Amino acid sequence: MTETVVADTTSGRVRGVRRERSIAFRGIPYAAAPVGELRFQAPAPHPGWDGVRDALANGPTPSLGPTGDTYSIPEPVVPGDEVLNLNVFTPTLDPAARLPVHVWVHGGGFVGGSPGGAWFDGDSFAGHGVVTVAITYRLGFEGYGDVPGAPGNRALRDVIAALQWVAQNIAGFGGDPDQVTIGGQSAGGSAVLALLVSPVARGLFRSVVCHSGPLPDIPLARARRVGAEMARTVGVEHTVAGWRDVPREQVVAAERAREGADLVSAVRDLHQVLAGRDPITDFGPVIGDEVLPDDPVAAIAGGAGGDVPLLLGTTSHEFNRITAVVERYLASGVAGAVLMGLGVPPVLARAYPRAYPDFSPAELLGQAVTDRVFRMPAVQVAQARAAAGSPAWLWDFRWRSPVTDRAVHCVDLPFAWQRLGVDRVARIAGEDPPVALAEELHGAVVQLVREGRAGWPVFTSTEPVAKVWDTPSWVGRDPYRFERIAVQQLAPEPAAAT
């Protein structure tokens, strides 16, 4: 028989379910439904409820469905208006426990994803004495689009509101509001990098974990142009009032009609990505408001967020397979010339075939995309932290799945969450992924959440050390050497105010 338990929040009481190692609460609202007068506004406090509210199932999702099968993650879609909600997984409801807290920001290319699938169940974290909170936040144009008269970076404001909910309520779930770590992957990793330097988020967390996070790189002028184009596409007045009554389905359809709206569609424009001059996507954290006033790398180099320990890394072959569609059009030996034609500096273009001699021309393009979107940003952030004297621990997930023979985007997640046996993991990691590797990577995340440090040396300019996750794992002096050189050869120019 299932045992239910009740916890108190500032909005009302909620009912969860007790499991073998954890207590699970799902779909707890952390803010009011962003509909009607609250649509395209900053998140507002939830009005609350009477009695005990069931928190036994995932709450409504901002996502209306998958944009493709690239990420392989089970991401349940739930209809409804109260799309700003969270799931809590805890080993105890004792306020005296004061356990460390891991708040998770899911990925999904800035336009999709949800936190309710089995990969992001915090049961394993609870087994190590960590409270896990997995949140929703507004996506795409509703989360990041520029609308005159509306606050910008609404998605980041949603995450901040969730963190404020944690500060006010997590003690009732056994957590310590003074020991909060924010973690995220892909688009969620980009969000946590933005919050690391955001003055508005200051004091809401004490450490950060970033998996495969692209740099927040959209200037305000670019966001304004994209917003105006969206209004013309939908055929509405480009104001809050004009957008307020447009169905979500119509907004999402207009997003998906744009090339470059999300990470997957953006990499189809290889020249834009590889030349490194323009923002990679149409939607994502926008630079130039009070939430994110400055370029994150410059802010980090200047010491922003310097007292917050940072654990970050990527997989080795994030988007390598995404260029497989051009395989038949490329003859052997042409990769260097193609890379140069797509804007990669000649020295770097010639280096790729030598560095990856077993890769086809198409996969060399994919590796260049992987480096530009994920691996070079990780190096840039680590170098900026080192310049500021701030602690950063870098990792490189190199374990090659038997399914792809590569360490592709998202393959590290079931290891980091120690969820190898759940739905759809076998599709990306095979039928028998190494349990010991999951114990290692999960243990490293737990250590950061509990202690604010990792178990290998920090990255410095003279000792660019990183942990390599593999079988076996090892610590190397410079596993990102190629990307460090690439950063020097392909340093992005400041984004034009267009």
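Taking the conditions exactly as written (modelled with pLDDT of 95 or more, β-branched (Val, Ile, Thr), touching a helix residue (DSSP H, G or I) at 6+ places or on another chain (Cβ under 7 Å) and buried (at least 20 other Cβ atoms within 10 Å of the Cβ)), does VAL422 satisfy them or not?
Here the answer is no, as VAL422 does not meet what is asked.
Evaluate the following for VAL159: is it crowded, with 24+ Cβ neighbours inside 10 Å and either modelled with pLDDT under 95 or under 14 Å from ALA24 (Cα atoms) (or both)? Steps first, please.
Details: crowded, with 24+ Cβ neighbours inside 10 Å: yes; either modelled with pLDDT under 95 or under 14 Å from ALA24 (Cα atoms) (or both): no.
Considered against the rule, which asks whether it is crowded, with 24+ Cβ neighbours inside 10 Å and either modelled with pLDDT under 95 or under 14 Å from ALA24 (Cα atoms) (or both), VAL159 comes out as no.
With the checklist (1) crowded, with 24+ Cβ neighbours inside 10 Å; (2) under 20 Å from the mean Cα position of the chain (by Cα); (3) of a type outside the set (S, T, N, Q); (4) closer than 26 Å to ILE28 by Cα in hand, flag the one item ILE170 doesn't pass.
ILE170 satisfies every listed condition except (2).
Quick one: what pairs do we get from the stretch 469-483, first residue surrounded by fewer than 21 Cβ atoms within 10 Å (Cβ to Cβ), second outside any strand (DSSP E or B) and among the small types (Gly, Ala, Ser), C-beta under 8 Å, 6+ apart or different chains?
Short answer, once both residue conditions are applied: THR471/ALA436; PHE482/ALA351; PHE482/ALA355.
Do any residues in the stretch 289-305 that are at pLDDT 95 or above have Cβ atoms under 9 Å from those of residues that are in a helix (DSSP H, G or I) and of a type in the set (D, E, K, R), where the two are at least six apart or on different chains, and which pairs are they?
As it stands, the answer is VAL291/ARG157; ILE300/ARG385; ALA301/ARG385; GLY305/ARG385, since those pairs meet every condition given.
What is the residue count in the stretch 430-445 for residues that are crowded, with 21+ Cβ neighbours inside 10 Å and among the β-branched types (Val, Ile, Thr)?
Residues in the stretch 430-445 being crowded, with 21+ Cβ neighbours inside 10 Å and among the β-branched types (Val, Ile, Thr): 1 in total.
For (1) in contact with a helix residue (DSSP H, G or I) (Cβ under 9 Å, 6 or more places away or on another chain); (2) of a type in the set (Val, Ile, Thr); (3) more than 30 Å from HIS317 (Cβ to Cβ), each residue gets a yes or a no:
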position: ALA187; (1), (2), (3): yes, no, no
position: LEU196; (1), (2), (3): yes, no, no
position: VAL209; (1), (2), (3): yes, yes, no
position: PRO214; (1), (2), (3): yes, no, no
position: ASP217; (1), (2), (3): yes, no, no
position: ALA231; (1), (2), (3): yes, no, yes
position: ARG244; (1), (2), (3): yes, no, yes
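Given the conditions (1) over 23 Å from LEU441 (Cα atoms); (2) out of contact with any Gly (no Cβ under 6 Å at 6 or more places or on another chain); (3) charged (D, E, K, R); (4) outside any helix (DSSP H, G or I), and given that GLU318 satisfies all but one, which numbered condition is not satisfied?
All conditions are met except number (1).
Table: residues versus (1) within 21 Å of PHE125 (Cα to Cα); (2) touching a residue at least 60 places away in the same chain (Cβ under 8 Å).
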residue	(1), (2)
GLU3	yes, no
ALA7	yes, yes
THR10	no, yes
ARG13	no, no
GLY16	yes, yes
ARG19	yes, yes
VAL35	no, no
ARG39	no, yes
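Restricting to the stretch 232-281, and then to whatever is charged (D, E, K, R), part of a helix (DSSP H, G or I) and modelled with pLDDT of 90 or more, can you tell me which residue is nearest to the chain's Cα centre (by Cα)?
Per the stated criteria, the residue is GLU255.
Select from the stretch 101-143 the residues that are of a type in the set (Asp, Glu) and under 18 Å from GLY174 (Cα atoms) and list them in ascending order.
ASP121, ASP123
Please enumerate the residues belonging to the stretch 377-419 that are basic (Lys, Arg), under 30 Å from ALA194 (Cβ atoms) and surrounded by fewer than 24 Cβ atoms within 10 Å (Cβ to Cβ). Break it down into steps so the answer makes sense when it comes.
Initially, the stretch 377-419 is screened for residues basic (Lys, Arg), giving 385, 398, 400, 406, 419.
Going one step further and asking which of them are under 30 Å from ALA194 (Cβ atoms), we end up with 385, 398, 406, 419.
Matches in the stretch 377-419: ARG398, ARG406, ARG419.
Within the stretch 182-225, track down each residue that is surrounded by fewer than 22 Cβ atoms within 10 Å (Cβ to Cβ) and in contact with a Leu (Cβ under 7 Å, 6 or more places away or on another chain).
The one that is surrounded by fewer than 22 Cβ atoms within 10 Å (Cβ to Cβ) and in contact with a Leu (Cβ under 7 Å, 6 or more places away or on another chain): LEU204.
Looking at GLY343, GLY284, GLY305, which one is at positive phi, touching a strand residue (DSSP E or B) at 6+ places or on another chain (Cβ under 7 Å) and part of a loop (DSSP other than H, G, I, E, B)?
Exactly one of GLY343, GLY284, GLY305 is at positive phi, touching a strand residue (DSSP E or B) at 6+ places or on another chain (Cβ under 7 Å) and part of a loop (DSSP other than H, G, I, E, B), namely GLY284.
Matching residues to (1) under 21 Å from the mean Cα position of the chain (by Cα); (2) within 23 Å of HIS128 (Cβ to Cβ); (3) of a type outside the set (Lys, Arg):
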position: LEU420; (1), (2), (3): yes, yes, yes
position: PRO434; (1), (2), (3): no, yes, yes
position: VAL449; (1), (2), (3): yes, yes, yes
position: GLY455; (1), (2), (3): no, yes, yes
position: ALA466; (1), (2), (3): yes, no, yes
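The values are calculated or read from the model by the stated rules, or taken from the named source; none is laboratory data. These figures come from a predicted structure and were not determined experimentally. Cβ sites come from the backbone with ideal geometry, for glycine too, and all protein chains shown count toward neighbours.
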